[in-house]
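Asks: Dumping the structure here so I can ask a few things about it.
The values are calculated or read from the model by the stated rules, or taken from the named source; none is laboratory data. What you see is a predicted model, and the numbers here were worked out from it, not measured in a lab. Reconstructed Cβ throughout: ideal geometry from the backbone, glycine too, with neighbour counts over all protein chains shown.
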Amino acid sequence: MKSKPRQSARSPAPRIRFVDLHRQHVELQQDIAAAVARVIAGDAFILGAEVAAFEEAFAAYCGAAHCVGVGSGLDALTLALRGLGIGQNDEVIIPANTFIATALSVLHTGATPVLVDYNPETYTLDPGCIRPAITSNTKAVIPVHLYGRPADMDRINAIAAEHDLLVIEDAAQAHGAVYKGRRCGSLARAAAFSFYPGKNLGALGDGGAVVTDDGELATWLRKARNYGSDVKHHHEIVGVNSRLDAVHAAVLRVKLEHLDRWNASRQAVAQRYHEMLPGTSLALPARAADGEHVYHLFVIQTPARDALAEQLAANGVETGIHYPIPIHRQPACGKLCRVPAPLQRTEQAAERLLSLPMHPHLTAVEAADVAEAVRTAADTMQHVV
Ligand SMILES: *Cc1c(COP(=O)(O)O)cnc(C)c1O
């Protein structure tokens with residue numbers, strides 16, 4: 001969730017916000033204040049006991065052996081790739097419809113991102129696109145659990161095993177999402193999470209983590225994030241400075257206790273949207289089994305996207321677009337990626353996707369209000385489109 005909420009110059013201040021962190025922080029005000037005070041009193045701000053305690057709790061939550069906290073989701077991806085030996089002359093297959101960080105992480109290792117289209121049912125990497133994209137340089141695949149829905153991991157892992165490819169989950173939007181009884185973060189060799197404030201589990205600033213069962217990788221990451229060192233003044237690898245701050249770790253530990261309840265609340269909002277929106281001309285996200293989809297975003301598609309967003313804004317409902325410019329059209333990296341086949345779905349989606357307000361503190365009344373506003377706008381627009 002990084003594109004700016006849409007609001008035209010003429011629109012009133014939103015009645016219903018796209019994301020509302022204020023309510024989350026009011027709810028936990030005392031516990032968060034106590035956690036921050038504990039860090040200050042403990043006088044340990046970088047790594048240390050708070051970070052270790054959160055790492056242990058989050059690894060257990062994901063059902064994995066290790067969690068290594070780092071400075072951001074982007075760093076989690078980049079370091080996981082580096083730690084697994086991805087670098088120059090390698091190719092890594094990623095979905096084209098994702099946040100830019102997925103592609104940048106590959107580029108930061110010196111490897112080439114190979115962009116493929118998404119599966120319209122799940123909005124995640126289409127496993128059918130993997131085989132045709134493989135060359136002798138392909139080393140890894142990064143499925144992104146986009147919008148909070150797990151990618152088709154069984155098929156992706158099976159194809160990867162056949163071709164000896166590493167699989168690294170981009171779980172930045174999928175804290176707590178479940179795939180066939182197992183949590184995202186435990187479905188491949190390693191997984192990268194982001195704790196950007198607006199994610200399902202968010203810190204008070206930037207943060208991220210790699211979750212893995214691979215003890216050797218975890219050991220490498222603990223050095224890599226800390227200038228390549230785990231013994232003071234001894235630097236064994238070319239590391240970076242990318243550590244999860246103690247204050248964020250302490251706050252994340254408070255929030256982790258509430259994650260399942262918050263995800264259930266997101267699912268209830270999605271349920272309300274599903275109940276109130278069919279019968280309109282909009283394409284809704286396909287439903288998933290219980291617990292499977294944690295609705296980081298609730299993304300609909302309509303050819304009249306811009307008109308709908310305008311009408312909603314005029315009605316005080318804030319929306320977003322994820323993502324309006326596909327990776328291969330970005331000036332920073334479009335030319336640095338390989339695109340083995342036309343990205344028709346991604347291209348079309350960039351013009352049609354619209355993300356409705358979605359956060360765990362959206363009330364039932366507000367969700368119904370959003371749905372009603374969408375229905376009304378869609379009905380009037382049917383005469384226009
Ligand atoms: C947010 C996000 C990231 C990057 O996380 P940061 O903490 O912002 O660096 C990576 N991938 C996806 C899919 C994301 O949504």
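Asks: Given the conditions (1) at pLDDT 95 or above; (2) in contact with a strand residue (DSSP E or B) (Cβ under 8 Å, 6 or more places away or on another chain); (3) surrounded by fewer than 22 Cβ atoms within 10 Å (Cβ to Cβ); (4) of a type outside the set (A, V, I, L, M), report the number of the one that Pro14 does not fulfil.
Replies: (1)
Asks: Residues in region 303-322 that are within 23 Å of the chain's Cα centre (by Cα) and more than 15 Å from Phe18 (Cα to Cα): how many?
Replies: Looking only at that region, the number is 1.
Asks: Any residue in region 280-287 that is under 18 Å from Cys184 (Cβ atoms), within 21 Å of the chain's Cα centre (by Cα) and aliphatic (A, V, I, L, M)?
Replies: Yes: one or more hits.
Asks: Turning to a different aspect of this structure: Taking the residues in region 53-76 that are of a type in the set (A, V, I, L, M) and part of a loop (DSSP other than H, G, I, E, B) as candidates, determine which candidate is nearest to the ligand (Cβ to nearest atom). Working first, answer last.
Replies: Our first condition is that a residue be of a type in the set (A, V, I, L, M); within region 53-76, this holds for 53, 57, 59-60, 64-65, 68, 70, 74, 76.
Okay, now just the ones that are also part of a loop (DSSP other than H, G, I, E, B), so 64-65.
On the way: Ala64: 18, Ala65: 23 Å.
Among those residues, the one meeting the criterion is Ala64.
Asks: Does any residue of region 88-95 turn out to be over 19 Å from the mean Cα position of the chain (by Cα), of a type outside the set (Ser, Thr, Tyr) and under 22 Å from Asn263 (Cβ atoms)?
Replies: First pass over region 88-95, keeping only residues over 19 Å from the mean Cα position of the chain (by Cα): 88-91.
Now drop any that are not of a type outside the set (Ser, Thr, Tyr), which leaves 88-91.
Then drop every residue that is not under 22 Å from Asn263 (Cβ atoms), which leaves none.
Looking through region 88-95, none of the residues is over 19 Å from the mean Cα position of the chain (by Cα), of a type outside the set (Ser, Thr, Tyr) and under 22 Å from Asn263 (Cβ atoms).
Asks: Exactly one of (1) over 30 Å from Cys337 (Cα atoms); (2) surrounded by fewer than 20 Cβ atoms within 10 Å (Cβ to Cβ); (3) in contact (Cβ under 8 Å) with a residue 12 or more places away in the chain is unmet by Cys62. Its number?
Replies: (2)
Asks: Restricting the search to region 128-151, which residues are closer than 22 Å to Phe193 by Cα and not small (Gly, Ala, Ser)?
Replies: Start the filter on region 128-151 by keeping residues that are closer than 22 Å to Phe193 by Cα, which leaves 139-151.
Answer for region 128-151, where residues must be closer than 22 Å to Phe193 by Cα and not small (Gly, Ala, Ser): Lys139, Val141, Ile142, Pro143, Val144, His145, Leu146, Tyr147, Arg149, Pro150.
Asks: Would you please name the residue that is farthest from the ligand (Cβ to nearest atom), looking only at residues in region 175-204 that are in contact (Cβ under 8 Å) with a residue 40 or more places away in the chain and either on the phi > 0 side of the Ramachandran plot or hydroxyl-bearing (Ser, Thr, Tyr) (or both)?
Replies: Ser186
Asks: Looking only at residues that are crowded, with 24+ Cβ neighbours inside 10 Å and part of a loop (DSSP other than H, G, I, E, B) in region 150-160, which one is farthest from the ligand (Cβ to nearest atom)?
Replies: Filtering first and then ranking leaves Pro150.
Asks: Then there's this: State all residues of region 77-92 that are outside any helix (DSSP H, G or I) and within 15 Å of the ligand (Cβ to nearest atom); if no residue qualifies, say none.
Replies: The one that is outside any helix (DSSP H, G or I) and within 15 Å of the ligand (Cβ to nearest atom): Val92.
Asks: Being surrounded by 16 or more Cβ atoms within 10 Å (Cβ to Cβ), of a type in the set (Val, Ile, Thr) and touching a Pro at 6+ places or on another chain (Cβ under 9 Å), is that true of even one residue in region 261-283?
Replies: Within region 261-283 (the criterion being surrounded by 16 or more Cβ atoms within 10 Å (Cβ to Cβ), of a type in the set (Val, Ile, Thr) and touching a Pro at 6+ places or on another chain (Cβ under 9 Å)), the answer is yes, since at least one residue qualifies.
Asks: Still on this structure: Checking the structure you have, find out if any residue of region 361-384 is modelled with pLDDT under 95, over 16 Å from Leu277 (Cα atoms) and not acidic (Asp, Glu).
Replies: Checking region 361-384: at least one residue is modelled with pLDDT under 95, over 16 Å from Leu277 (Cα atoms) and not acidic (Asp, Glu).
Asks: A follow-up question, please. Test of understanding: among Ile94, Ile100, Ile134, which residue is in contact (Cβ under 8 Å) with a residue 24 or more places away in the chain, over 20 Å from Glu347 (Cα atoms) and not acidic (Asp, Glu)?
Replies: The unique qualifying residue is Ile134.
Asks: Okay, next question. Name every residue in region 127-149 that is away from the ligand (no atom under 12 Å from the Cβ) and within 16 Å of His328 (Cβ to Cβ), in order of residue number.
Replies: Within region 127-149, Cys129, Ala133 qualify.
Asks: Would you mind telling me which numbered condition in (1) within 16 Å of the ligand (Cβ to nearest atom); (2) within 16 Å of the chain's Cα centre (by Cα); (3) at pLDDT 95 or above; (4) surrounded by fewer than 24 Cβ atoms within 10 Å (Cβ to Cβ) Thr122 fails?
Replies: It fails just one condition, (3).
Asks: Need a quick list: helices (runs of 4 or more DSSP H) entirely within region 302-385 having at least 1 residues that are loosely packed, with under 14 Cβ neighbours inside 10 Å.
Replies: 344-352, 364-381
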